[in-house]
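Worksheet: one structure, shown below.
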Amino acid sequence: MGDYVQNRVLLIEDDDELRTLLARYLSGQGFTVREAANGQDGLSLAEDHLCDVVVLDIMLPDINGLEVLRQLRARTHLPVVLLTARGDETDRIVGFEVGADDYIPKPCNPRELVARLQALLRRVNWDQKVERAEARQVGDLTIEADRRRVLLQGVPLELTATEYEVLQVLLAHAGSVVRKNDLMQWALGRRLASHDRTLDMHISNLRRKLGDDRQYRIETVRGLGYSYRVAV
């Protein structure tokens, strides 16, 4: 998994059979797994700060998974991968709006889940390889790479790990068009699949957090991708 990648997973899933299956598979792939069968236990375990990423089922017996996600986002910046019902677009959209980093439909392929987690953790932990450096300025944005933080006119933005990565790619190519396929590969670590709106949802969230209602900063270039235009 790499010298700079942590591998502690908190798995919040009420289906005992599926949770056991995923936990065993993840453990066999080098992950340390903590398990919770409901949302309240999952929140309690997350507060212990003994995990690096959360795998969260939306359908839980006590607290809806989206509410668990809201509470996680109020308490922590831990990256979260949602387990969603296949074809349930509404849950995925709301999940991204609340602050999910990625999703995988159920029934999920354990190998795909491992690949998603590895890609996400590599991005999140990349700052461990970055020496402390001077903050970089792009228009009215300040990028503190060693802290994985972006400030808008001096005010920190509350970005998820994946939103941060998407924005970094766009800023690195400010003024130029970044093709959707490239942005997906560079920022999320996987290829863009047909009917996958993950990237679109992250762009939508970034626009909202940047106050970019008119799409001035992040321009959609129809048929190609996105371009970040530096604010003046």
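A few comments on the model shown:
- Farthest toward positive dipole pole in the stretch 8-126 [+1 Lys/Arg, -1 Asp/Glu at C-beta], among Leu10, Ser44, Leu113: Leu113
- Annotation for Arg122 and Asn109: the two label points, set 7 Å from Cα along the Cα-Cβ direction, are 1.7 nm apart.
- Here, P(r) means the percent of Cα pairs in each 10 Å bin from 0 to the largest distance; for the stretch 130-228 it is 15, 51, 29, 5.
- Cα-centre dipole for the chain with unit charges at Cβ (Lys and Arg positive, Asp and Glu negative), debye to 20: 940 debye
- Within the stretch 16-59, none of the trypsin sites (Lys or Arg not before Pro) combine a DSSP coil assignment with at most 15 other C-beta atoms in a 10 angstrom radius.
- With all projection directions averaged, the alpha carbon convex hull of the stretch 25-167 covers 9.4 nm².
- Dipole of the chain, positive direction: furthest Cα of Tyr226, Tyr164, Ser27, with charges on the beta-carbon: Tyr226
- Label point distance in nm, Asn181-Arg229, each placed 7 Å from Cα along Cα→Cβ: 2.7 nm
- Taking 0.36 nm per residue of separation and subtracting the Cα-Cα distance, full extension of the segment from Asn64 to Arg208 would add 49.4 nm.
- Taking 0.36 nm per residue of separation and subtracting the Cα-Cα distance, full extension of the segment from His77 to Thr20 would add 17.9 nm.
- Our estimate of slack between Leu157 and Val94, defined as 0.36 nm per intervening residue step minus the Cα-Cα distance, is 20.7 nm.
Laboratory data are not the source of any read-out in this text; all were calculated from the coordinates shown. Since the structure is predicted, the reported quantities are computational estimates derived from the model, not experimental observations. Because the Cβ atoms are built from the backbone with ideal geometry, glycine has one as well, and the counts that use them run over all protein chains shown.
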